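Visitor: Before I ask anything, let me first share the structure, which is written out below as structure tokens.
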Amino acid sequence: MRIFLLTLLLSIFQTCLAQKGPDHIVYFDVDSYTISKAEQERFDAFSKKVSWDTLVSNIRLHGHTDSDASNAYNQKLSENRVKSVENLIRSGGIENHFTSDWFGEEKPLNNNASDTDKRANRRVEIWIDWVPDYVEEEVGDIRDLYKMLEQKKQAICIDPAGDTTIRLDQGTIVYFPPFAFGDLSGNCIEIRAKEFYKKSDMVMENLSTTSNGRLLESEGMIYLEASYNDSLIQLAPGKEVTIYMPTEQIRDDVKIFNGERDEHTDVMNWLLNSGIDIQGIDLGIIRDCFFRRSEWDQSDCSRCKFFMCRIKRIGKGFKGIVNKEQHLENKGVRLCQRMLRKKERSGSSDPISTPNSADSTQKLNPCKDLDELFEQYGVDNINDLMLAMNKELMDQYGVSTFQELKDTLNAIKLHEIEDKFAVGTVNKDDLKYYMFNSMQLGWINVDAFSKLTGERKRMDTDLEVKPSRDCKAVFMNVRGILSADDRTKATYCFNDVPMGNAFWMIGLKYANGLAYLSLEKSTTKPMYDSFNYREMTLAEIKKALEAIDR
């Protein structure tokens, strides 16, 4: 049926073309079938405008002469002229199908009454049968492409009665208390999870960052589900999981959002969960400052001469090799002496400030945040601080000692971080976390409402709405992603967009079993019209989308 329709379109198209005249004419001198230099140049100029390989289906050549000489002679002359023109076309590497006819003097354009009339009849007409604009219908569902691009779930088996901490591939830590899913028996509850800290991963999962239309800036998203005997289950009433999500920089304006997908458009909407408190923890500063605090607290920080100091402390130096407390005291003394020597070289007479001094400066006290936490919770050591920060969690689980929370503390890898400090290989992603408790699984997002400036307007596009297509606006300077709104319109658009901000426009298409991507940089504006789709494999799409993470 499709071949029949295409043949019918070609036939109709050729009929229409036949009524408008030839596409080009080559003229000849009297009694000649040699193409002059001037005619060659005219043909070359014409040929450069023709897409011979893609848009031309057939070339028809019609040869003609004036009325001089006999009809038989003119028939042969017009045939030779046609062959000359065909050779000229083929000399340019054009291998299309040719249909040739020669009519001699039988089809003149005039009555050959003058030299001018005769010159017009000494010709070969080039008629081109063009391939009509035939566009195959886009058949496909963009959700099928998203399913092929989406992240695979991580699967981890935990003991139903156990006190378990799991660490996911990208650094997320989840603590499950005993009987988190109720009084279940058996060997395994399967925890399945996904993590999203890169914008490219979010796009390929068909995620966006909006809450009831308001733009968010994500610090990271996770998805959690639990399966028992091949059925999905939820946390038991009153039970919570503790979640640690790694971050490069702790923000004080973040909140917890839970995600729901629209059943018709599949667009994610994030709903604020005002019942969850979130705590930013910089483990590197806490551990480092704890040791520094110990160093200052255990040293008297008084200046003495080299021989007296070293001779009096030589025994403590050896003891510090095997005794951790003595080692900390020795470090504190050495730090004190370095600071005193520095003060003497500068000629200052001001007393040295320690991190515990009231007049401590920020430069000499990088642990100011930790000191404030000690004061806030009314404690003076790191163990009591961690217990105080987790008091609600301890009360809920009915525990009272630091040892009973060891799985959670092991999860945040305090002992590994100490080892990394010792060899200088600590990773900043291991040191900063957002910590919170959640009474539900599913989609969870650490977000802040966007602070991007610019007048907020609707951004229209010229991309036609079809089931096989989708587009997203991804901001460059924040983890902010907009999905197209108002899909009842003919073309995609974005509502409440801050104008004048750098962003990537991403267009995805899945039609007739093929995947396409359009990826362009731009600035938010009232009208966007620069979609440039290219067919790609899944691997090529994933590779191309890495650009939006930089």
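Visitor: Hey, got the dipole for the range 456-549? About the Cα centre, +1 on K and R Cβ, -1 on D and E Cβ, debye to the nearest 20? Can you show the working numbers first?
Guide: Values: 15 positive and 13 negative charges, 29 e Å.
Using Cβ point charges on Lys, Arg, Asp and Glu, the range 456-549 gives about 140 debye.
Visitor: Taking other Cβ within 10 Å of each residue's Cβ, how do Lys451, Lys255 sort, fewest first?
Guide: On the way: Lys451 10, Lys255 19.
Ranked by crowding around the Cβ, least crowded first: Lys451, Lys255.
Visitor: If you don't mind, another one. If we count other beta carbons within 10 Å of each Cβ, what is the order of Met499, Met527, Met204, fewest first?
Guide: On the way: Met499 15, Met527 10, Met204 21.
The order, fewest Cβ neighbours first, is Met527, Met499, Met204.
Visitor: Please list 3J(HN,Hα) in residue order for the range 444-460, calculated via the Karplus relation 6.51 cos²θ - 1.76 cosθ + 1.60 where θ = phi - 60°; whole Hz, with x for glycine and proline.
Guide: 10, 9, 9, 9, 10, 5, 5, 10, 4, 8, x, 4, 8, 9, 7, 10, 7
Visitor: Okay, moving on. Can you give the net charge of the other residues whose Cβ lies under 10 Å from the Cβ of Gln154, counting K and R as +1 and D and E as -1?
Guide: Values: positive: Lys152, Lys153, Arg192, Lys194; negative: Asp169, Glu195.
In short, +2.
Visitor: Which of the GluC sites (Glu not before Pro) found in the range 452-550 are in a DSSP loop and have at most 15 neighbouring Cβ atoms, other than their own, within 10 Å? Provide the component values of the computation, followed by the final result.
Guide: Details: sites: Glu455, Glu464, Glu520, Glu535, Glu540, Glu546; in loops: Glu455.
Filter output for the range 452-550: Glu455.
Visitor: Also, I was wondering about something else. Note down the net charge around Lys194, summing +1 for each Lys or Arg and -1 for each Asp or Glu among other residues with Cβ under 13 Å from its Cβ.
Guide: Details: positive: Lys152, Lys153, Arg192, Lys198; negative: Glu150, Asp169, Glu195, Asp201, Glu205, Glu225.
With Lys, Arg at +1 and Asp, Glu at -1, the net is -2.
Visitor: Please rank Lys76, Lys432, fewest neighbouring Cβ atoms within 10 Å first, as an exposure proxy.
Guide: Values: Lys76 15, Lys432 19.
Taking fewest neighbouring Cβ atoms as first place, the list is Lys76, Lys432.
Readers should treat all values here as calculations from the given coordinates under stated rules, not as data from a laboratory. Values in this document were obtained by computation on a predicted structure and should not be read as measured data. We place every Cβ from the backbone using ideal geometry, glycine too, and count neighbours over all the protein chains shown.
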